[in-house]
Amino acid sequence: MMAFPKLLARNRLALGGLIVMGLVVVLALITPLLPLADPDVTNTANRFKRPFSEGALLGTDHLGRDLLSRLLWGTRLSLAVGFTAAIAAATLGAAIGIIAGYYGGRIDNIIMRGVDMLMAFPYILLALAIVAALGPGLMNALIAVAAVNIPFFARNIRGITVGIAHKEFIDAARLSGMTDARIILTEVLPNVVPVIVIAISTTIGWMILETAGLSFLGLGSQPPQADLGSMLGEARSALITNPHTSVVPGAMILIIVMAINLLGDGVRDALDPRLKSGALSRPMPTTMVKRTMPVPEAKAETLLALRGLKTQFQVKDRVYKAVGGVDLQVNPGECLGLIGESGSGKSVAALSIMGLVASPPGVITGGAVYYRGEDLIDAPYEKLRSLRGNRIAYIFQDPLATLHPLYTVGDQLIEAVRAHHPFNKTEARAHAIDLLKSVRIPNAEQRVDSYPHEMSGGMRQRVGIAMALANDPEIIIADEPTTALDVTVQAQILSLLDDLRRERGLAIIFITHDFGVVAQVCDRVAVMYAGRIVEEGPTRTILNAPAHPYTARLMACVPELGQGRRELAAIQGLPPVVDKMPKGCAFAERCNKASDACRQANIELVRHGANSLVRCISPETSALEASE
Amino acid sequence: MAGYILKRLISALPVLFGISIIVFVIMAMIPGDPATAILGSYATPENVEKLKRDLGLDKPMMQRYFIWLGNMLQGDFGRSFSLNRSVLDEVLDRFGATLILAGTSFVLCSILGIAAGVVSAARQYGLADRAITFAVLLGISIPSFFLGMMMILIFAVKLRWFPVSGMWPIYGARDLYALISHLTLPALSLAVVATGVIARLSRSAMLEVLRQDFIRTARAKGVHERSVIWRHALRAAMVSIIPVLGVQAGFVLSGAVYIEMVFQWPGVGRMLVDAILKRDILLVQGGVVFVAACYVIFNITVDVAQSLLDPRIKT
Amino acid sequence: MTTVLKLTNLSKIFPVGKRLFGPPKALVRAVQPLSLSVEEGETLGIVGESGCGKSTLARMLVGLLPPSSGTIEINGEPLDNADPTLFGRKIQYVFQDPISSLNPRKTIRQIMEAPLRHLHNMSAADRGRRIAEIFAAVNLREEFLDRYPHEFSGGQAQRIGIARTLAADARILILDEPVSALDVSVQAQVLNLLANLKDEFGLTYLFISHDLAVVETVSDRVAVLYFGSVVEVGPADEVFSHPKHPYTKLLADSAPVVGRPLKAPEGRATELPNPLNPPDGCAFRVRCAYASDQCGREAPRLEKQSDGVWTACYHPLSGSK
């Protein structure tokens, strides 16, 4: 909360709005103290004086009244009415919304039906009806404007409240012995207040416009008293002959509302937590590249090789080094496992290959990715696009979120094919059905017209795999493809992937956190910790005799079936945060073998035994053991 | 689909019923006596009593409501005393003009707003985004009636490109050209605010969608960026844009009241304001119920469009 | 040993497609009538895949969801959450998502104080002392108390969630997937902590998880849920070493394990049945290699097998694995 004024001040437009608004409010407040002419005294002899004329800075109106004085008094009135209406509507609307959203069920249903009914009116009809009933007048206009805005607030706040009421901390509060009233006041309200503030700050300008509008129609403030709207309304008849009488109040409304809107946007941006993290940025078509170091050479002709790849997330003034120099290579037909805990950088490394890391905030700051000897990191967009899904395809974790919800799976498969091959629709459709058959989806002919939400999780992931296979790629990068699935379904998907890869000679990079999965499907495995590879080698070598203490300790943590009730061998502590990396080995803090040497300098990934690499100065196994 | 439309139409009945009750109750709150208002304060008590009986004002509230409702259902909205004309005829005449104005504005603001929002999101923080964001801010901050007045001043009085006001020329042919030249300024003035709101919302809806995983999937498939934006992202964003179009249609219809005043457009909004100032209750009642009912029907169309777009809505 | 938690014919039916008036369009039986009991001081593990009703069951046990039929008895008395201050002292709940179970706008101290204040009416000084004790027990530093939830990692947040549960001083804890959101290294820490706390405070656990191996490391007894019904229940080592129900066997064979070659335990692509249109008889029969006509006629009831294991199957597997 403390950061709020700072965030607001950082937004220059909002600051400008704040300053203008501050000036207007101060002027409105001190209006009675200023040496102004009486706003309501008419003097027809002096009518329609031009601005900057003697004794009337902004000129006079059709009855010879001083426009400056009328403007300031009118501003005062308009602001007061606008703010009052906004606060009244927000308070009532929020109360209704919170009650409906929190209690839900029938109460919610009845309240929201009422709100819907009020929203079934174009709002001005309701306002006009209310003014018609109460009679023209500023107070009645205020009531009308506040009343028509209550449903908007109620609906908005209800939506937020429903989301909060279903959060687990509300259940926790209930189990802590709190009553409903107390939960609403101390648990729900503090989470809703920012939304209410945002709603007020973004609608207050609107309220001022609306009250001005009713006055403009002659239904608000009544002569001789004037707010900005009625000034404009009275000036309308002289619009062509004496435009200044219209321009003065109109410009004032514009200035006020614009300042409020700027300020309101600033308040919203400062209070909306999604914007704090910069998450509402649009990811670019490819990840941004800013390589400062010389690009590493491709070693030998391999299918796909990562050389010293570095990817960072730059959020405000912090830099998270998600991938801190990764070397990997995949050979044709090989399945490489990339294993690590969350935050180890395994997914980011995999997404960097085809430039799919969301950017901003992601930036590739170093290294290279060689596909058949060609560096993909600085490849032009069109080159990258022609490879994506064509030669190198992805399978993602959660198949519900990763398929487009509004297109049939057939359309999405057809699109994948047609992005790279000039198939006509019929050919592509036949191909799509073949693809669905190849991933063993029953009734492929019918399923091709299903939407993703009509399928189960396992079926959706099969569609995801079919999509990856669409253009017969050489490499598939599978990012935790079975993590979101149940174990029984996972087993089906894993064996499908394994069969497909053997049938088609696919190379796979398989990202997972599960040693069991690695053991079953991977030929080789690389273990990641804090953005770097700590160990790499043939799956069997590493799983039987892990050389890096992290790998060994992590494997010991995993509960395995068939060992009964027991104490698990946990690793104490937490992985380092990747914006504050320690100097030497990132695991030293948690390692029981760590010595001073581990913490002093960078530790290289060195050959260990015949086929393995390890980043440790005192590995768990001797090089000889590792060669076996 | 037909079933869904039928279901939505049936579900509109209680809403229409509710609208009629709300309008009736608000009008019943009017202090004083409509009969006196109609006849003026010099009327004799006998005449007032007679009129009250004629208008059914001596009956209890409930009964009066159902009589009014029953008459409306038969197309009898009563007579306007100030115009001495059937309310329904007057409303129908006026509503046509409003529909031309508001409909044109609505089409304009939907197309311009969505296009601006998509471009703005696709070029986030670029020059186009900044320009659009500023224009949008200006658009939603300017009172439409003030904008209309300035348009008259510049484009009608100074430049003489368009007529100052009205719907038809006083002399001359009432053809399409005449209509368009009269319509341009009011329709533009009316569209500006809604364009701003729709552009804003489309931009944030697009930004929201562009962060979704399925956009990454589309890119990973090698789909061209143009298609990612206009096919994948916009289609998904439309799910949240369409309901806003429905709400904005209400705002356009509302804003039309001001614009009709400024441009002397013979629409239903000006009729209502005049009727309120003359305390012609039956005309207000009839006009409000009629327009609100049309708006309900329009919103059903919006819902149907939404269900066509989003297969997750059960039909 | 005394029974502290007893469920009799407990079931939950969710209406689908509610209307303002009149009956809903369809009913989903999330939990079929089931009976279970938990003895004092034991850990009963509940295993099942998504959609098997395990979370619905958990929420009914702590009064967050009213059951559609059947009874819940806690310490021999029927569940009564009319007075939240009495109820919260009997049974508590540890949530799956540690971050979302903490109010983002409250400090850890405010979160910890809520149960002490509302359930136990403690004075400020007593509360401070009690929080210090609990934090020591769950290995959390007291300096965390003035921070906000977003400053913590998942593992730390889960410890805070457990600490809050301990503050209520209830003897029965429902743990709903308490480690599934955590990484394996942190998961092991939390599982060990839970085991220590149980011994230290004499707690009774109902431990719900989709992960067989995790359940095995903590449970005395285990119940396997499929499609809202208990299909197998018994001593943990018996159930895991000699599954009697084909579903339990499938579950055990599906988990990828280092050293076991990959093979799909099921040839066909089959998953949970559609809850809106459940099959007749045994819900598992469409996936079961042993299914017979009998399975389609009537759902099998839980029956006692050898070694104290109860299985709902007409064709239980013989003991050898």
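The values are calculated or read from the model by the stated rules, or taken from the named source; none is laboratory data. All of these numbers come straight from a predicted model, not from anything done at the bench. Here the Cβ positions follow ideal geometry from the backbone for every residue, glycine too, while neighbour counts run over all protein chains shown. Heavy atoms of the whole protein, side chains included, go into the accessibility calculation; ligands, DNA and RNA do not. Shrake-Rupley method; radii C 1.70, N 1.55, O 1.52, S 1.80 Å.
A:Thr426 to B:Ile111: FRET efficiency via 1/(1 + (r/R0)^6), r the Cβ-Cβ distance, R0 25 Å, to the nearest 0.05?
In this case the efficiency is close to 0.15.
Just report the Cα centroid separation between the stretch B:115-194 and the stretch B:220-275, whole Å.
Here the answer is 14 Å between Cα centres.
Report the label-to-label distance for A:Val193 and A:His166 in nanometres (one decimal), using points 7 Å from each Cα along the Cα→Cβ vector.
Here the modelled spin labels are 2.6 nm apart.
Work out, in µm²/s and without decimals, the Stokes-Einstein translational diffusion coefficient of the stretch C:108-230 at 4 °C, 1.567 mPa s, Rh from Kirkwood over C-alpha pairs.
Calculated translational D: 84 µm²/s.
Which of the cysteines found in chain C have nothing to pair with, since no other Cys Cβ lies under 4.7 Å from theirs?
C:Cys52, C:Cys288, C:Cys313
If the cut-off is a Cα-Cα distance under 17 Å, which aspartates and glutamates reach A:Lys299, setting aside same-chain residues fewer than 8 apart in sequence?
The reachable aspartates and glutamates, counting only those whose Cα sits under 17 Å from A:Lys299, are A:Asp327, A:Glu374, A:Asp375.
What is the magnitude of the charge dipole of the stretch A:187-281 about its Cα centre, with +1 placed on the Cβ of each Lys and Arg, -1 on the Cβ of each Asp and Glu, and no other charges, expressed in debye to the nearest 20?
On the way: 4 positive and 7 negative charges, 29 e Å.
Using Cβ point charges on Lys, Arg, Asp and Glu, the stretch A:187-281 gives about 140 debye.
List the residues of the stretch B:216-244 whose backbone N lies under 20 Å from a point placed 7 Å from the Cα of A:Glu382 along the Cα-to-Cβ direction.
B:219-230
Of the accessible area of the stretch A:165-271, with the probe set at 1.4 angstrom, what percent is carbon plus sulfur?
Summing carbon and sulfur atoms, their accessible area is 67 percent of the total for the stretch A:165-271.
Relative contact order (percent) for chain C, with alpha-carbon contacts under 8 angstrom and 6 or more residues of separation?
On the way: 581 pairs, mean separation 64.3, N = 321.
It comes to 20 percent, rounded to a whole number.
Quick one: accessible surface of B:Ile100, probe radius 1.4 Å, all protein chains present, in square angstrom to the nearest 10.
Rounded to the nearest 10, the figure is 60 Å².
Shape of the stretch A:68-174 from its Cα gyration tensor (a ≥ b ≥ c, root eigenvalues): rounded if a/c is under 1.5, otherwise prolate when a/b > b/c, or oblate?
In terms of gyration-tensor shape, oblate.
Excluding A:Ile477 itself, calculate the net charge of residues whose Cβ lies under 14 Å from the Cβ of A:Ile477, where each Lys or Arg counts +1 and each Asp or Glu counts -1.
Details: positive: A:Lys346, A:Arg388, A:Arg391, A:Arg501, B:Arg216, B:Arg219, B:Lys221; negative: A:Glu334, A:Glu474, A:Asp479, A:Glu480.
So the environment of A:Ile477 carries a net charge of +3.
Measure of size requested: the Rg and Dmax of chain C, with Cα atoms as the atom set and Å as the unit; please supply both.
Rg, Dmax (Cα atoms, Å): 20.9, 68.
When a/c is below 1.5 the answer is rounded, else prolate if a/b is larger than b/c, else oblate, so apply that to the stretch C:83-147 with a ≥ b ≥ c taken from the square roots of the Cα gyration tensor eigenvalues.
oblate
Let me check I've understood the local charge: for A:Ala144, count other residues with C-beta under 15 angstrom from its C-beta, Lys and Arg +1, Asp and Glu -1. What total comes out?
-2
With every atom except the alpha carbons ignored, what do you get for Rg and Dmax of the protein assembly as shown, in angstroms?
35.4, 120
Tabulate in residue order the Karplus-calculated ³J(HN,Hα) for the stretch B:18-25, using 6.51 cos²θ - 1.76 cosθ + 1.60 with θ = phi - 60°, rounded to whole Hz; enter x for Gly and Pro.
x, 4, 5, 5, 4, 4, 4, 5
Mind grabbing the accessible area of A:His166 for me, 1.4 Å probe, Å², rounded to tens?
140 Å²
Just list whichever of C:Lys54/C:Lys263; A:Lys321/C:Lys106; B:Lys7/C:Lys25 have alpha carbons separated by over 22 Å in the model shown.
Check vs 22 Å cut-off fails for C:Lys54/C:Lys263; A:Lys321/C:Lys106.
Under the classification rounded if a/c is under 1.5, otherwise prolate if a/b is larger than b/c and oblate if not, where does chain B fall, given a ≥ b ≥ c as square roots of the Cα gyration tensor eigenvalues?
Details: a/c = 2.83, a/b = 1.60, b/c = 1.76.
Oblate.
What percent antiparallel are the DSSP beta bridges of the protein assembly as shown, to the nearest 5?
Within the protein assembly as shown, antiparallel bridges account for around 60 percent of the total.
Compute the orientation-averaged projected area for chain A from the convex hull of its Cα atoms and round it to one decimal in nm².
40.2 nm²
Rg to Rh for the stretch A:538-611: what is it, with Cα atoms only and Rh by Kirkwood? Walk me through the intermediate numbers first.
Working: Rg = 14.7 Å, Rh = 14.4 Å.
Ratio of gyration radius to Kirkwood radius for the stretch A:538-611: 1.02.
Can you pull the Rg over Rh of the stretch B:68-151, Cα-only, Kirkwood? Before the final figure, lay out each step's value.
On the way: Rg = 20.8 Å, Rh = 16.6 Å.
Across the stretch B:68-151, the Cα-based Rg/Rh ratio is 1.25.
Express in nm, to one decimal, how much length is gained between B:Tyr171 and B:Phe298 on full extension, taking 0.36 nm for each residue of separation and deducting their alpha carbon distance. Please list the in-between numbers first.
Values: separation 127, 0.36 × 127 = 45.72 nm, distance 3.53 nm.
Additional length available on full extension: 42.2 nm.
In cubic angstrom, how much convex hull volume per residue do the alpha carbon atoms of the stretch A:228-327 span?
Details: hull volume 20.6 nm³, N = 100.
Given the Cα convex hull of the stretch A:228-327, per-residue volume reads 206 Å³.
Tell me, what ³J(HN,Hα) does each residue in the stretch C:205-217 have, in order and in whole Hz, if you take phi through Karplus 6.51 cos²θ - 1.76 cosθ + 1.60 with θ = phi - 60° and put x for Gly and Pro?
Here the 3J(HN,Hα) series is 10, 10, 10, 9, 7, 8, 9, 4, 5, 5, 4, 4, 5 Hz.
How charged is the neighbourhood of A:Ile198? Take every other residue with its Cβ under 9 Å from the Cβ of A:Ile198, and add Lys/Arg as +1 and Asp/Glu as -1.
Working: positive: A:Arg268; negative: A:Asp272.
It works out to a net charge of 0.
For the stretch A:221-273 and the stretch A:13-84, what is the centre-to-centre distance using only Cα atoms, to the nearest Å?
For the stretch A:221-273 versus the stretch A:13-84, the Cα centre distance is 12 Å.
Can you give me the Cα centroid spacing of the stretch A:136-169 and the stretch C:279-300 in angstrom?
53 Å
Taking accessible area as the heavy-atom solvent-accessible surface of the protein chains with a 1.4 Å probe, which residues of the stretch A:111-129 lose no less than 40 Å² upon going from the isolated chain to the full protein assembly?
With the partner chains in place, the stretch A:111-129 has these residues losing at least 40 Å²: A:Met117, A:Ala120, A:Phe121, A:Pro122, A:Tyr123, A:Ile124, A:Leu125, A:Leu128, A:Ala129.
Calculate the FRET efficiency for C:Asp80 and B:Ile10 from the Cβ-Cβ distance with a Förster distance of 60 Å, rounded to the nearest 0.05. It would help to have the intermediate numbers written out before the result.
Numbers: r = 43 Å, r/R0 = 0.72.
FRET efficiency, C:Asp80 to B:Ile10: 0.90.
Karplus couplings for the stretch B:198-208 from phi (6.51 cos²θ - 1.76 cosθ + 1.60, θ = phi - 60°), rounded to Hz, Gly and Pro as x?
For the stretch B:198-208, the Karplus-derived couplings read 5, 4, 4, 5, 5, 4, 6, 5, 5, 4, 4 Hz, x marking Gly and Pro.
Roughly how much of A:Arg307 is accessible, in Å² to the nearest 10, using a 1.4 Å probe?
Ignoring ligands and nucleic acids, A:Arg307 comes out at about 20 Å².
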